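Okay, structure first, notes after.
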Amino acid sequence: MSTAVGRSKMADVELRAIAKRYGAVQAVADLDLRVEPGQFVSLLGPSGCGKTTTLRIIAGLVRPDAGQVIIGGRVMNDVPVHHRGLGLVAQNYALFPHMTVMENVTFGLRMRNAAPADIARRAGEALEMVRLTGLQDRYPRQLSGGQQQRVALARCLLVEPAVLLLDEPLGALDKKLREAMQVELKSLQRQVGITAIFVTHDQEEALTLSDRIAVMHQGRIQQVGAPHDIYERPRTRFVAEFIGVCNFLEGEVVGRQPGAVMIRTDGGALVAVGADAHGAPAEGVKVVVAVRPEKLVVGAPGTSHSPALPARVEAVVYVGTAVHYHLRAATGERLIAYRQNDAAAPVALAPGAEVVVSWPATAARLLPDVSG
Amino acid sequence: MPALLLTPLLVFLLAFFVLPFGVMLYESLYLSLVQNPAGSAMTFANYTKAFGDAFYLRVLLQTVALGVAVTALALVLGYPVAYFLARTRSRRRHVLLFLVISPLVVSIVIRSYGWMVLLGRAGTVNTLLQALGLVERPLPLMYNWFGVVVALTHVLLPFMILTLASVIEGIPESLEDTAAVLGAGWWSRFRHVILPLSMEGVGAGVTLVFMLTIGSFVSILLLGGSDTLVLPLLIYQQITLLNNNFAAALGMLLLVLSVVLLYAQARIFRVRGAA
Ligand SMILES: Nc1ncnc2c1ncn2[C@@H]1O[C@H](COP(=O)(O)OP(=O)(O)OP(=O)(O)O)[C@@H](O)[C@H]1O
Ligand SMILES: [Mg+2]
C-alpha cells in the first residue's frame with residue numbers, strides 16, 4: 001500500500017556508548033543499541049531506569065554526555081532536533097490544544113513549507129488511515145483518548161519520519177482501549193514499514209508489540225532479544241523477574257552431567273538444570289536457578305520424575321483461566337506454580353496438601369548469582 | 001453563610017469606590033464655581049470642553065500613546081524573561097524572581113530619584129558616554145518622554161513578567177518538544193505554539209501595564225518635563241486651579257479608557273480551542 005504516509009525511509013538507529021548524568025543520577029550509562037530498519041523495538045524497564053532519557057537523546061531533545069547517536073548511517077549528535085526528521089508520540093499525546101485536528105496533523109508539513117495542495121491531500125489520506133475522517137475540524141479537547149492518540153500518530157506519520165519514537169503512548173488509556181490501540185499501532189507500523197522505538201514499563205505490551213525488546217535497568221541495557229528469547233532465556237535475575245513471574249532457587253553447582261548441571265539449593269535440595277554445551281559453570285560456583293511458574297509440575301508425592309522438591313500447598317488462588325499454587329518447599333524456598341484450568345485438570349489441591357514439585361531440566365535457567 | 005464573608009469587602013468597595021465614583025460622575029456634570037460663579041444646571045460642558053479643545057485632546061492622545069509605548073516595551077522586554085523564569089530548572093530561580101520584582105521593593109520616590117541620578121545631564125549615563133567619547137555634549141535623557149518611558153517601563157515590568165510567567169508555566173513543555181521534533185525551529189515554536197497559548201497572559205499583562213501607565217503620576221511628575229502632560233497630571237492641575245468639576249470629567253475619561261480596554265481584553269486575547 002502506497003499512501004501518503006506509506007513512504008517511510010526505514011532508517012536504522014544505532015546508539016554507541018551513550019551516557020547521560022543528571023546531578024547524582026546516572027540516567028543512562030554506557031548504552032549500546034542497534035535497531036534494524038523497519039523493526040519495532042521496545043525499551044522496557046521499571047520507572048526511572050532511563051527509558052525516556054534514552055528516547056529523548058535519540059530525538060535530540062537531550063544532549064548525551066558521551067556516545068554517538070547514528071540514524072540512517074549519519075551521526076546525529078550535532079543535528080538539532082528540528083532537523084532530525086523524526087516522529088515523536090508522547091505519553092500525553094501533546095496535541096496542540098489551540099489547533100484543530102487538521103491543523104495538528106499538518107503541523108509538520110507546514111513547518112516544512114510544503115505546498116498547500118500537497119498538504120491537504122496527504123492530510124486527507126492520513127486521517128483516513130487512522131480513521132479520523134470527518135473529525136478534522138474538532139479541537140483536541142473534543143476528542144476521546146483513543147482519537148487523540150490517533151491524531152498524534154497521524155501527525156507523526158505525515159512527515160514521513162525516519163524513525164517513530166513512542167514514549168508510553170498508550171499509558172493513559174484504559175485496558176480495553178489500550179489493547180485495541182496496540183493492535184492498531186502494530187498494524188500501522190507494519191503497513192508503513194517504519195522503524196519504531198517504543199518505550200514502556202508494561203512487559204505484556206512489550207511482548208505483544210515488539211520485534212525485539214531491550215530490557216533496561218538503572219540506565220543500562222540488561223538484555224536485548226526477541227520477546228520469546230527474553231521470556232524463555234533471560235540472562236539475568238532482573239530480566240527474569242521483570243518479564244513475567246519467576247521462581248528463583250539460590251544454590252551452588254555440585255556436579256555436571258551431559259546436558260545438565262546439578263545444583264544444591266541453599267535449602268539443601270538437589271535439582272538439575274539443562275545447561276548449554278558451553279558456559280556451564282564450574283563446581284562450587286554460586287548460581288540462581290530460574291523456573292517459570294507455568295513450567296512447574298505439581299503432583300502427589302512419589303508420582304513425578306526426579307529431581308523433585310517436596311512441598312506443601314500454602315494457598316490456592318483461582319484466577320479463572322488458571323489456578324495459582326503458592327508453595328513452600330520442605331527446604332524452605334517459596335515457589336509459585338500455575339496450572340492451566342483445562343477440562344482435564346480440575347482444581348484438586350487444597351491448602352495444606354503435601355505435594356512434590358518438579359520440572360523438565362530444560363525448562364529451568366541457570367543465572368549468575370548477582371543481586372539485581 | 002459564605003456570602004457573609006463578602007460583606008466587609010462589599011462595604012469597603014461601596015464606601016471607597018462606588019460612592020466616590022458617584023460623586024465624581026455627579027460633579028463632572030456641573031460647572032465649577034470658578035467657571036460659573038452663579039452655579040449651573042446639569043450640563044455636558046466639561047466633556048465637550050475636553051474633546052473640543054485641541055490642547056486637551058492632545059493630552060488625551062499623549063496619555064494613550066504613553067500607555068501603548070510603555071506596554072509594548074514591557075511586553076517585548078518582559079516576554080523572554082517570563083519565558084526563562086517559567087522554564088528554568090535552575091536552583092537560583094528565586095534569585096531571578098527577586099531581581100524581577102526588585103523595582104517594586106523600592107518606594108516610588110526613591111526609585112525616581114535613582115533614575116534622576118542615572119539620567120541627569122551630569123548623571124551616570126551621560127558621564128559614562130562622555131568619558132567613552134561617544135557623545136560630546138550630554139544627551140537629554142530626562143525631563144522628557146524618554147525618561148518617563150524608561151522609568152515607567154522599569155517599575156511596571158514586574159507586572160508584565162509575573163503575569164506572563166504564570167501563564168507560560170501552564171503550557172506543557174511536551175508541546176514544545178513535539179513541535180521541535182516535527183520540524184519547528186525556535187521561532188516557529190514561539191510563533192505557533194507558545195505565543196498563541198500564552199495569549200491570555202499577554203492580554204492580562206498588557207491590560208495591567210496599560211492601565212497602570214495611564215494612571216501613573218509620580219514618575220511622570222519627577223522625570224517628565226513641560227511637554228509630558230498626561231491625564232493624571234492634568235487632573236491634578238485642574239484640582240489645584242479649583243476646577244474640580246472639569247477634573248472629574250477628565251477622571252471619568254481615564255476610567256472609561258480603562259474599562260473599554262478591560263472589556264476588549266477578554267475578546268481580543270483568547271486562546272483558540274479553549275473550553
Ligand atoms: N531533566 C531531568 N533532571 C534531573 N533528573 C532527571 C531529568 N530527567 C530524568 N531524570 C532522572 O533520570 C532518571 C531516568 O529518568 P527517565 O525519565 O529516563 O526514566 P524512565 O525510565 O522514563 O521512567 P518512567 O517509566 O517513570 O517514565 C530518573 O532517576 C530521573 O529522575
Ligand atoms: Mg518515562
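The values are calculated or read from the model by the stated rules, or taken from the named source; none is laboratory data. Predicted, not measured: the structure shown is a model, and the values here were computed from it. Methodologically, a virtual Cβ is constructed for each residue, glycine included, from the backbone with ideal geometry; neighbour enumeration extends over all protein chains shown. Calculation scope for accessible area: heavy atoms of the full protein, side chains included, ligands and nucleic acids excluded. Shrake-Rupley method; radii C 1.70, N 1.55, O 1.52, S 1.80 Å.
Take the accessible area of A alone and of B alone, subtract that of the pair with a 1.4 Å probe, and the total buried over both chains is about 2000 Å². A 1.4 Å probe run over the protein chains yields, for chain A, 43 Å² of accessible area per residue, whole-number rounding. Indicate the residues belonging to the stretch B:227-275 that lose 50 Å² or more of solvent-accessible heavy-atom surface (probe 1.4 Å) upon moving from the chain alone to the assembly of all protein chains, ignoring ligands and nucleic acids. Those residues are B:ARG272, B:GLY273. Shape index of the protein assembly as shown: Rg/Rh, with Rg the Cα radius of gyration and Rh the Kirkwood radius from the inverse mean 1/r over Cα pairs, equals 1.18.
Above 24 Å, the calculated P(r) of chain B contains 63 percent of its Cα-Cα pairs. Only beta bridges with both residues in the protein assembly as shown are counted; by DSSP, about 80 percent of them are antiparallel.
For the stretch B:115-255, what is the accessible area per residue in Å² when the probe is 1.4 Å?
Numbers: 5930 Å² over 141 residues.
Each residue of the stretch B:115-255 exposes 42 Å² on average to a 1.4 Å probe.
Listed by chain and number, the aspartates and glutamates whose alpha-carbon sits under 15 Å from that of A:LYS20, ignoring those within fewer than 8 places in the same chain, are A:ASP30, A:ASP32, A:ASP65. Whole-Hz Karplus values for the stretch A:238-252 come out as 4, 4, 4, 6, 6, 8, x, 10, 8, 8, 10, 10, 8, x, 9 Hz, taken residue by residue from phi with 6.51 cos²θ - 1.76 cosθ + 1.60 and θ = phi - 60°; glycine and proline positions read x.
Which residues belonging to the stretch A:29-76 lose at least 30 Å² of 1.4 Å-probe accessible area when the assembly is complete, relative to their chain isolated? Going by heavy-atom accessible area, the residues of the stretch A:29-76 that drop by at least 30 Å² are A:LEU61. What the pair-distance distribution of the stretch A:13-130 shows, using all Cα-Cα distances binned every 5 Å from zero, is 2, 9, 17, 18, 17, 14, 12, 7, 3, 1, 0 percent.
The label point for A:LYS286 and the one for A:GLN91, both projected 7 Å from the Cα toward the Cβ, are 3.6 nm apart. Taken along its three principal axes, the alpha carbon spread of the stretch A:179-334 comes to 55, 40, 28 Å, from the longest extent down to the shortest.
If each residue of separation counts as 0.36 nm, what is the full-extension length gain between B:LEU77 and B:LEU242 once their alpha-carbon separation is subtracted?
Values: separation 165, 0.36 × 165 = 59.40 nm, distance 4.09 nm.
In short, 55.3 nm is gained.
Between A:ALA350 and B:PHE16, the modelled labels are 8.1 nm apart [label points 7 Å from Cα along Cα→Cβ].
Taking every eigenvalue of the Cα gyration tensor of chain A, multiplying by 5 and rooting it, what semi-axes result, largest first, whole Å? It would help to have the intermediate numbers written out before the result.
Details: eigenvalues 442, 122, 50 Å².
Rounded to whole Å, the semi-axes are 47, 25, 16.
For the stretch B:1-109, relative contact order (Cα pairs under 8 Å, six or more residues apart, normalised by length) works out to 11 percent.
Can you tell me the relative contact order of the stretch B:47-274? Whole percent, Cα pairs under 8 Å, sequence separation 6 or more.
Values: 243 pairs, mean separation 66.2, N = 228.
For the stretch B:47-274, the relative contact order is 29 percent.
Label positions at A:VAL317 and B:VAL23, each projected 7 Å from the Cα along the C-beta direction, are separated by 7.8 nm.
What is the helix-to-structure angle for A:145-157, meaning the angle in degrees between its Cα long axis and the longest Cα principal axis of chain A, kept from 0 to 90 and rounded to the nearest 10? Tilt of helix A:145-157: around 70 degrees.
Per the 1.4 Å probe, what fraction of the accessible area of the stretch B:47-274, in percent, lies on carbon and sulfur atoms?
Values: 7980 of 11440 Å².
Within the stretch B:47-274, the accessible surface is 70 percent carbon and sulfur.
Of the residues A:LEU296, A:LEU158, B:LEU139, the one whose Cα sits farthest toward the positive end of the charge dipole of the protein assembly as shown, with +1 on the Cβ of Lys and Arg and -1 on the Cβ of Asp and Glu, is B:LEU139. Over all other residues within a Cβ to Cβ distance under 15 Å of A:HIS217, the charged ones net out to +1, with Lys and Arg as +1 and Asp and Glu as -1.
Bridgeable lysines around A:LYS176 (alpha carbons under 23 Å apart, same-chain partners fewer than 8 residues away excluded): A:LYS186.
On the beta carbon distance between A:HIS326 and B:LEU9, with R0 = 60 Å, the FRET formula returns roughly 0.40.
For chain A, averaging the sequence separation of C-alpha pairs within contact (under 8 Å, six or more residues apart) and dividing by the residue count gives a relative contact order of 16 percent.
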